[in-house]
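Just so it is clear, none of the values below were taken in a lab; they were calculated from the coordinates. A quick note: this is a predicted structure, and the numbers were derived from the prediction, not measured. Virtual Cβ from ideal backbone geometry, glycine too; neighbours counted across all protein chains shown.
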Amino acid sequence: MASSTHRPVLTYSNTEGSHSFPLNRHTVTIGRHADQDLVLADTFVSRRHAVIRETSAGYEIEDLDSSHGTYLNGTRIQSVVLRSGDVLQFGSPGAMKIRFHAFASNTEPFHLAIASDLLTTLGQISTRERTPAQEMGQLNFLLNAARKLNAGSATQDILHALLQISIQLTNVERGFAFLLDPDSGAAHHASLHLALGLSSTGEFLHEDSTISRSAIQQAVESSSKFTISDTWAAMQAAASDSILANSIRCIYCIPLRRRATGSEVPQLLGVLYLDSRASAGRLDTLDHELLDAISTEAANLLNNALLVENELKARKAAEELAIAARIHAGLMPANLPSIQYASLQARTIPCRDIGGDFYDAIPLPDSLGLVIADVSGKGVPASIVAATLQGIIHAQMLTGQPLAEIAALVNRFLTARSLEKYATLVLMKLYPDGLLEYINCGHIPPLHITATGAQPLPESNLVVGLIAEASYSSGQIRLAPNERILLSTDGIVEAENGVEEQFGDARFHSAAHLERIDAILHLVFEFQGSSPAQDDCTLLDVRYLG
């Protein structure tokens, strides 16, 4: 338990400056209402949002069933015991950061708690005696470092502070911060990108060929810092050809790793790279330890910032995908048209959140226009092309263009652009007397369903979007009352079960006698079992009533 003079403190920064809030009570309430101990004027913060209690296990934070949640180090929580350095956010993982510091004097500035943590780290790893002047110099430096690091609210702010502090400590000419690419593999295959470069005069730098990639690689692969204080003295030892060729005198290269807990393996976040061509390095043992401690603290802050940024990016991507899915679904008829001589059913199920299949049913002055299409690929790129094609075809149908000309127009549109997309599609016109004109552009043949069975319609053409000079021709049949046309995309026949067996044409033809497309889809999904769908599934059924 903390003494009355050394209690934990919450620290945060806003537009009014930096603030510290000592936890000088056994229970501290947090919320938007004026009666709370810590008042947060944010619309996403509930009136009585959370409480921090002093318990036998330490200081515990509990969310009071708030509307938008309490977040600890980027993760939503209900109740948890706090550790020194934890970052709290209320109402959103993108909200203002409030840091918890254990056992800080409530008369100290907020950054002194972090500086004390850093000094404790140095005291644990250093055995060399220091003079009072050295102690004071290091304390002043750590105060400045803590102030700069904790002022950062995002990765760029933290990296900028880290580079400024490191360059000041080492007296090098320049520093670079590299971050691990999100999809990078193991450490020895780590892919890094430059996040920020800074000169000793404060200028922003871009990566150039004089950076020692071998030093960075060695630091990453060995999981420890790589330093050469004087490359001229180490010509026959550690200095690589690139270091000597670029006249680099000293290098400090330190992996930035997230602090591990328990049996967890420390995760690589990036690399801090410092070098100078003007003079050799002059860091003593304590300076090296100080640089290590600052890098460790920066890596922990950086990890929290990256977690929040990644969560916000994922949330934004999910929101944008949901909007795209609603738009894509909205382009298809919300209610199929009511036609005196025909009844319609349709259903599309994307294998991802959004797909490249679409269907349409368009009442025309003399007939009913029908469309089913499947754009190559999946996801957002396919859906964008599908929405464009749907608009073109719909407009051309309304103007009364012949089916062959519509197909040729779509083909020219796709081949004239560098979309690297093609599509299979079926266009139809059903007339009141039962005449059905159709054109099939490389699509699964529609099924003509009669009392005696299901037969595929024979006419077929090339897909649209591959050959600019392709020509298209239509076929015709006449439907008798109660005969049906069933159109599908290949996600139906190519659906696979657990042993990679496809649903296939035979099962589809057999299922076609079912009068409800939901019953057909049920058979397909029952066949798939737990196997994930590999393609979008779309069905369009039209029954001629006569």
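Straight-line reach from residue 378: taking Cα to Cα under 16 Å and skipping same-chain neighbours fewer than 8 places apart, the lysines in range are 421. Segment residue 364..residue 43, full-extension length gain: 110.4 nm, with 0.36 nm per residue of separation and the alpha-carbon distance subtracted.
A Förster radius of 41 Å combined with the Cβ-Cβ distance from residue 25 to residue 499 puts the calculated FRET efficiency at roughly 0.05. The calculated FRET efficiency for residue 349 paired with residue 267, based on their beta-carbon distance and R0 = 41 Å, is about 0.60.
Partner lysines whose Cα lies under 18 Å from the Cα of residue 313, excluding those fewer than 8 positions away in the same chain, are identified as 97.
Based on the Cβ-Cβ distance of residue 218 and residue 83, what FRET efficiency does E = 1/(1 + (r/R0)^6) give at R0 = 35 Å, to the nearest 0.05?
Computed FRET efficiency for residue 218 and residue 83 comes out at 0.60.
Using a simple spin-label model with pseudo-atoms 7 Å out from Cα toward Cβ, residue 171 and residue 482 lie 9.9 nm apart. One chain, two ends: residue 450 and residue 315. Fully extended at 0.36 nm per residue, the span grows by 43.6 nm beyond their Cα-Cα distance. For the pair residue 75 and residue 473, how long in nm is the line joining their label points, each one 7 Å along Cα→Cβ? Once both label points are built, they end up 6.7 nm from each other.
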